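Below you'll find the structure, written out as structure tokens, and then a few comments.
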Amino acid sequence: MSDSRGDARAAGRPGPSGAVDEALIRQESLFGRLPLLPAEREYHTGGAHATCFAYAVATWCFMIGGYAADLVGAVDGIICLVSGSIVGTFITTMALSLACQRYGLEQIDYCKTAFGQRGAKIILVFYLINMIGWTGLILVMFGNGIRNILRGLGWDPGGWVVGLGVALGIWLTYVIVTRGVHLLNVTNAFIGPGLGVLTVVMTALLFYKHGWSEIVAAAPLDPLEDPWLNYMIVFEWGVASGISWWGGIGFLARNTNTRRNAVYPELIQLGVLMSLVCCVSLVSSLVVRTDDPTEWMIPIGGVAMGLMALVFVGLANVSSSAVSIYATGLSLRHLKSLRTRPWWQIIAWTLVPCLPFVFWPAQLYDMGDAYLAYNGTLYAPISGILFADFFLVRKSRLDIWSVFEDHPSGEYHFSRGFNWAAFVSLVAGQALYFYLFDPISLEARTLFRFISASLPAAIVPALIYWAWMTIAPVRPRGADATAPPGGRRLRQPNI
């Protein structure tokens, strides 16, 4: 497998004397879309766990706990968030992590195997909305954290400091991302453990000050009339939060050295520990009576501990936004106009859509719960389709050459670059989701109360896609698709 990847990497990249320019290939691997070889990957066991943990404790996890506090109490919320998060993370992790790790692929490139060369660009559009939207939201929380730090020190400068904090977060993200994965790895190695210790201490203080009986007795902040519907909506948010990791999972797995390090850190950190962080926010919000996660840290931990927690959460937010923007920058290499641009320019353009969060932080932050639901409606069916494609249709084996081949002879060209089996399945999954549950109005069908929305929106498209590709698969045209790697050349490379 590694030999074919090496051949693909060297294809069409001669140096001045006809030899391969290894330095150029190394740069293209780290800041471009060439498949990463095992020796080029930054994340070993410690780095993978630290990065996933720093990603998991980002403020969007605290946001989800705050949303849950509106509808359910502590016990119901803990059950819903933990179970939902584990289920959602598993659905989106398995195919994406194993494929991107095994072949060193960036995840939009991997999507070509199911959606086609041009079809993957449609997934890219939604992917960009997801990554940039989450980045903007956590940078608003970074700005809120700065404001609450100043409040804890006795000075409230007003709402303008939140926008200033977002601008500072954008600049810090740019500095980190333009220096590569290694700086992310080093940064997360310090932030992750420190924030983990602080989270444990804050949890201990929470139970010491209020006790389990008071926590259990705390009523939801703004529940709906139907208790069971509240329960299922929070479970759905848990599943959607796990599925929302779709945007970063492929990037993390691509940079890991083993399959074990691609899967277990994501399931443990992004699934289990993230849900526990959500639960800390849930319980704290119920006790302090606010769904803003940065407002309960000082009341729970006191001024000194609360300020320290806010600082570490802020650092983790910047680290998480850096991971998101790094992955987004790689995905923009799919656009011809940006393939040869310097990495710093790619990242600068990637951060431009985050600027509205500088000027309207409160208004955009208030849309966070609807944005969470948006991720569930989109990535549940995509995750199901990729799962069926990788495990059931392709039996875990991909043609690495055809991933980078735009010529109709490529295996993943399908019909003019689109695999309609995947898109019909995707639309069916989204239609089913909205039939069962309206994430804006929170209106739900009776069936939603028993099966949620994200689970059937992932399973049904997977079954449709598997049946279609089994009964009427699209076969590649031309000899290149079946020729041995040594005798193949890319006719229309897309890299």
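Scan 129, 149 and give me the residue that is in a helix (DSSP H, G or I) and surrounded by fewer than 20 Cβ atoms within 10 Å (Cβ to Cβ).
Matching residue, one of 129, 149: 129.
Specify the residue that is most open to solvent (accessible area, probe 1.4 Å); the eligible residues are those in region 32-84 that are of a type in the set (Asp, Glu) and assigned to a helix (DSSP H, G or I).
Among them, the one singled out is 76.
Taking region 326-369 on its own, how many of its residues are open to solvent by less than 60 Å² (accessible area, probe 1.4 Å), farther than 30 Å from residue 153 by Cβ and hydrophobic (A, V, I, L, M, F, W, C)?
So the answer is 8.
What's the number of the condition residue 435 fails, among (1) of a type in the set (Phe, Trp, Tyr); (2) surrounded by 18 or more Cβ atoms within 10 Å (Cβ to Cβ); (3) over 21 Å from residue 470 (Cβ atoms)?
(2)
Per-residue answers, yes or no, for (1) in contact with a strand residue (DSSP E or B) (Cβ under 8 Å, 6 or more places away or on another chain); (2) farther than 30 Å from residue 235 by Cα; (3) assigned to a loop (DSSP other than H, G, I, E, B):
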{"site": "409", "(1), (2), (3)": "no, yes, yes"}
{"site": "422", "(1), (2), (3)": "no, no, no"}
{"site": "425", "(1), (2), (3)": "no, no, no"}
{"site": "428", "(1), (2), (3)": "no, no, no"}
{"site": "441", "(1), (2), (3)": "no, no, yes"}
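State which residue is modelled with the lowest pLDDT when the search covers only region 167-194 and only residues that are part of a helix (DSSP H, G or I) and open to solvent by less than 10 Å² (accessible area, probe 1.4 Å).
Per the stated criteria, the residue is 181.
Failed condition for residue 448, given (1) farther than 24 Å from residue 128 by Cβ; (2) buried (at least 20 other Cβ atoms within 10 Å of the Cβ); (3) out of contact with any strand residue (DSSP E or B) (no Cβ under 8 Å at 6 or more places or on another chain), with all others met?
(3)
Could you identify the single residue in 454, 415, 396 that is within 24 Å of the chain's Cα centre (by Cα), surrounded by fewer than 19 Cβ atoms within 10 Å (Cβ to Cβ) and under 28 Å from residue 100 (Cα atoms)?
Answer to the check: 396.
Tell me which residues, restricted to region 272-295, are out of contact with any Phe, Trp or Tyr (no Cβ under 7 Å at 6 or more places or on another chain), over 15 Å from residue 204 (Cβ atoms) and open to solvent by less than 10 Å² (accessible area, probe 1.4 Å).
Hits for region 272-295 are 274, 275, 278, 282, 286, 294.
Given the criteria of a type in the set (Gly, Ala, Ser) and under 30 Å from residue 295 (Cβ atoms), does residue 329 qualify?
So residue 329 does not fit the description; no.
Out of everything in region 107-126 that is open to solvent by 10 Å² or more (accessible area, probe 1.4 Å) and out of contact with any strand residue (DSSP E or B) (no Cβ under 7 Å at 6 or more places or on another chain), what residue ends up being farthest from residue 492 (Cα to Cα)?
This residue is 126.
Hey, does region 96-105 have a residue that's closer than 24 Å to residue 274 by Cβ, touching a strand residue (DSSP E or B) at 6+ places or on another chain (Cβ under 8 Å) and in contact (Cβ under 8 Å) with a residue 12 or more places away in the chain?
Scanning region 96-105, I find at least one residue that is closer than 24 Å to residue 274 by Cβ, touching a strand residue (DSSP E or B) at 6+ places or on another chain (Cβ under 8 Å) and in contact (Cβ under 8 Å) with a residue 12 or more places away in the chain, so the answer is yes.
Determine whether region 231-240 contains at least one residue that is open to solvent by 30 Å² or more (accessible area, probe 1.4 Å) and in contact (Cβ under 8 Å) with a residue 12 or more places away in the chain.
Within region 231-240, one or more residues are open to solvent by 30 Å² or more (accessible area, probe 1.4 Å) and in contact (Cβ under 8 Å) with a residue 12 or more places away in the chain.
Being touching an Asp or Glu at 6+ places or on another chain (Cβ under 8 Å) and either polar (S, T, N, Q) or free of Cβ contacts under 8 Å to residues at least 12 places away in the same chain (or both) is the filter here; which residues of region 271-289 pass it?
If the condition is that a residue be touching an Asp or Glu at 6+ places or on another chain (Cβ under 8 Å) and either polar (S, T, N, Q) or free of Cβ contacts under 8 Å to residues at least 12 places away in the same chain (or both), then 285 is the only one that fits.
The values are calculated or read from the model by the stated rules, or taken from the named source; none is laboratory data. The structure displayed is predicted, hence computed values, not measured ones. Cβ coordinates were reconstructed from backbone atoms using ideal geometry, including for glycine residues, and neighbour counts include every protein chain displayed. With ligands, DNA and RNA removed, areas are computed over all heavy atoms of the protein, side chains included. Shrake-Rupley method; radii C 1.70, N 1.55, O 1.52, S 1.80 Å.
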